[in-house]
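The values are calculated or read from the model by the stated rules, or taken from the named source; none is laboratory data. Quantities reported herein were computed from a predicted structural model and do not represent experimental measurements. As a convention, Cβ positions derive from the backbone with ideal geometry for all residues, glycine included, and neighbour counts pool all protein chains shown. When the accessible area is computed, the model is the full protein with side chains, heavy atoms only, and any ligands, DNA or RNA have been set aside. Shrake-Rupley method; radii C 1.70, N 1.55, O 1.52, S 1.80 Å.
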Amino acid sequence: MPGFQAPAGTFDVLPPESSRYEALVGRFAGHVARAGYGSAITPMFEDVGVFERLGQSTDVVRKEMYDFEDKGGRRLALRPEGTASVVRAYVQRRPTLPFKAWYVGPIFRYERPQAGRYRQHHQLGIEALGSDDPDLDVEVMALAAGFYASLGLTRVRLRLTSLGDAACRPAYRDQLQGYLEARADRLCEEHRDRIAENPLRILDCKRDACRAAAADAPRMVGHLCEQCRSHFGRVTAGLTALGVAFELDPSLVRGLDYYTRTTFEFTSDALEFAHSGAGGGGRYDGLVESLGGPPTPGIGFGLGIERILLTCDAEGVFPAPGLGLDVFVLDTTGGEQARDVTAELRAAGLRTDRAFDQRSWKAQMKAALRSEAPLAVVLEDGEASIRTLQEKGEAERADRGTLVEHVRKKLGELR
Ligand code: HAM
């Protein structure tokens, strides 16, 4: 009988590749902690209503949600994004504002699996609630841009626009609706009859028909009210002052409906497939209220871990760091000595692995070389010796009583 496979659109991350995931998360945690973000851990599933607030007209909610009824008859959904969960947690717990949190975790979307697009992907994200200061928009985008740069990436571009707010968007929406209605017969089949539902979404349709029909459609950024225009001006001035490169992209439309004002995406020129989005985010000044909280502005981003790592591969940066072992223990006398010495080295804080099953000297040596540890402790005939593994060097006799110090000294010489 053939074995089971991971479900379509999902994958396993095993060592040594998993060390790269871990290193990425560690790097991100340190990066955003320096800006005052603490980690938020929320459930991977929520009441389906939490996510329905993201917009019934979005694919993420309408078509791609993993929703189900649990054994108690509750309607739940695996989270299709991270923002709604953090906002739900804020509304429920009401931590002091401003509330700045980062998160990492799996995200579930029933999409058509293809290169760079999965049914379970992983995101690194931040959310900042409680301030509508344009400097916070600058902070959030600068943090994402700085993170990509810290990995050595040079081909990630920030694209930016403003989607206005409750004051200026309705009038724009009406205008766009009129424009699209006059061209309804030229839109794709899916959108022909759905103009009134969410005309902005049609600007995001990838089908040629919609793209051609909407090519000259009015864009929000040309219809901002005074407050939104001034906010956006402060944002772009702030990015310029901090040296964060960006491009204005009035055609930017995001896949979620909660965005207001500043909205952005990071795309990589190094990714050749259709999905070059390495991250995205923006303001969502109405979301807290729509989830039952008091009016509270918010902004954040989500970065796809897999997309970032694919970009790193394409640019040849941020390789997997591996396990980072210090020493590998070989024992040709039955294994008991290896048991004790390994425990001693680990207790002293040295990253140590060993061979099992009383394998031959040759097999143990092969395992030692594969481990990528720089040093081996060899136990044979009642004697211990220390050898360099990755570079040729003489074996040094070692005294059992001072073995730990000896290994430390040798590691120091090698580094
Ligand atoms: P999003 O643009 O839907 O935004 O997703 C963020 C990032 O997750 C994308 O830029 C992409 O890198 C990655 N991603 C999305 N879908 C997939 C997939 N199927 N396979 C692989 N990677 C994927 C959000 O989710 C918002 N919650 C971001 C945000 C936070 N906005 C404000 N705060």
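Before moving on, here are some points about what is shown:
- None of Y179, Y172, Y118 is open to solvent by less than 60 Å² (accessible area, probe 1.4 Å) and in contact with an Asp or Glu (Cβ under 7 Å, 6 or more places away or on another chain) except Y118.
- Checking P218, P199 one by one, the residue that is open to solvent by 10 Å² or more (accessible area, probe 1.4 Å), out of contact with any His (no Cβ under 6 Å at 6 or more places or on another chain) and under 30 Å from M141 (Cα atoms) is P218 and no other.
- Filtered by the rule that a residue be within 14 Å of the ligand (Cβ to nearest atom) and in contact with a helix residue (DSSP H, G or I) (Cβ under 9 Å, 6 or more places away or on another chain), the range 305-319 gives I305, I308, L309, T311, C312.
- Qualifying residue in the range 59-66 (condition: over 22 Å from M141 (Cα atoms) and touching a residue at least 60 places away in the same chain (Cβ under 8 Å)): yes
- Top-ranked residue of the range 205-215 - restricted to ones that are surrounded by fewer than 17 Cβ atoms within 10 Å (Cβ to Cβ) and outside any helix (DSSP H, G or I), ranked as nearest to the chain's Cα centre (by Cα): K206
- Restricting attention to the range 132-154, the residues that are surrounded by fewer than 17 Cβ atoms within 10 Å (Cβ to Cβ) and either among the hydrophobic types (A, V, I, L, M, F, W, C) or within 14 Å of the ligand (Cβ to nearest atom) (or both) total 1.
Residues are listed down the side, and each one gets a yes or a no for (1) small (G, A, S); (2) away from the ligand (no atom under 16 Å from the Cβ); (3) in the same structural domain as R157 (by TED's automatic domain parsing); (4) within 24 Å of Q56 (Cβ to Cβ):
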| site | (1), (2), (3), (4) |
| --- | --- |
| R201 | no, no, no, yes |
| E272 | no, no, yes, no |
| G279 | yes, no, yes, no |
| G282 | yes, no, yes, yes |
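- Here is the figure for the range 284-303: residues that are open to solvent by less than 10 Å² (accessible area, probe 1.4 Å), more than 12 Å from the ligand (Cβ to nearest atom) and of a type in the set (A, V, I, L, M) total 1.
- Pair list, Cβ < 6 Å and 6+ apart or interchain, from the range 72-100 residues that are open to solvent by 60 Å² or more (accessible area, probe 1.4 Å) to residues that are of a type in the set (G, A, S): L97/G130; P98/G130; P98/S131
- A29 passes every criterion in (1) in contact with a helix residue (DSSP H, G or I) (Cβ under 7 Å, 6 or more places away or on another chain); (2) away from the ligand (no atom under 16 Å from the Cβ); (3) not basic (K, R) apart from (1).
- Any hit, the range 113-131, residues being in the same structural domain as A237 (by TED's automatic domain parsing), away from the ligand (no atom under 13 Å from the Cβ) and either in a loop (DSSP other than H, G, I, E, B) or on the phi > 0 side of the Ramachandran plot (or both): yes
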